[in-house]
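*Asks:* So that we are looking at the same thing, I have put the structure below in structure tokens.
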Amino acid sequence: MPNPVLQKAAVAMAAQITKNGISITYERDADSVTLIAMQGESSHQTFNPHGIFVNIHSHDFLCPTEALVLSGSPVTPQRGDRITVLDAVDGTTRIYEVYPPADSMDTHTPEDDYHRIVRVYTRMINGRSD
């Protein structure tokens, strides 16, 4: 049975993204969609191929799942998709590639029990790094 408190929290999170987010362009091949998302970062711990424990930082985007639509169809983030952000302060264009933080991880994770918000993991491939 759905939990009404968790449902309200998921709706509130989506409203926060709409209110406080930034405009991004999500691209796959020749298809793209402009949507509002929140930009963030995550830290992950994993072992590298040599067995050494490492911390990995990724650039993330919290996106409303319902907004990830390309050519009229809902999409799931895939490695190689791109997110373009135009910095409103300095006019710099930053391009991020959808990429899992570690080989053992997905390119995205749901942020709520109802999958209204998805956290998309990326790495910056063009632009300035803060």
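Derivation of every value follows stated rules applied to the coordinates shown; laboratory data play no part. All values derive from a computational prediction rather than experimental measurement. Note: ideal-geometry Cβ built from the backbone for every residue, glycine included; neighbour counts use all protein chains shown.
*Asks:* Please specify each residue of the stretch 30-61 satisfying the condition of being among the aliphatic types (A, V, I, L, M) and either within 16 Å of GLU111 (Cα to Cα) or in contact with a helix residue (DSSP H, G or I) (Cβ under 9 Å, 6 or more places away or on another chain) (or both).
*Replies:* First, the residues of the stretch 30-61 that are among the aliphatic types (A, V, I, L, M): 30, 33, 35-38, 52, 54, 56.
Passing the criteria: VAL33, LEU35, ILE36, ALA37, MET38.
*Asks:* State whether one or more residues within the stretch 10-24 are closer than 19 Å to ARG123 by Cβ and not charged (D, E, K, R).
*Replies:* yes
*Asks:* Please specify each residue of the stretch 12-27 satisfying the condition of being surrounded by 12 or more Cβ atoms within 10 Å (Cβ to Cβ) and either part of a helix (DSSP H, G or I) or more than 14 Å from the chain's Cα centre (by Cα) (or both). Before the answer, list the steps.
*Replies:* Of all residues in the stretch 12-27, those surrounded by 12 or more Cβ atoms within 10 Å (Cβ to Cβ) come to 13-14, 16-18, 21-27.
Matches in the stretch 12-27: MET13, ALA14, GLN16, ILE17, THR18.
*Asks:* Also, I was wondering about something else. From the list ASP113, ASP90, ASP106, exactly one residue is of a type outside the set (Lys, Arg) and farther than 23 Å from ALA10 by Cβ. Which is it? Please lay out each step first, then the result.
*Replies:* Values: ASP113 fails: farther than 23 Å from ALA10 by Cβ; ASP106 fails: farther than 23 Å from ALA10 by Cβ.
The match here is ASP90.
*Asks:* If you go through the stretch 30-40, how many residues are exposed (fewer than 10 other Cβ atoms within 10 Å of the Cβ) and closer than 22 Å to GLN16 by Cβ?
*Replies:* Let us first name the residues in the stretch 30-40 that are exposed (fewer than 10 other Cβ atoms within 10 Å of the Cβ), namely 30.
In the following step, the residues that additionally are closer than 22 Å to GLN16 by Cβ were identified as none.
Here the count works out to 0.
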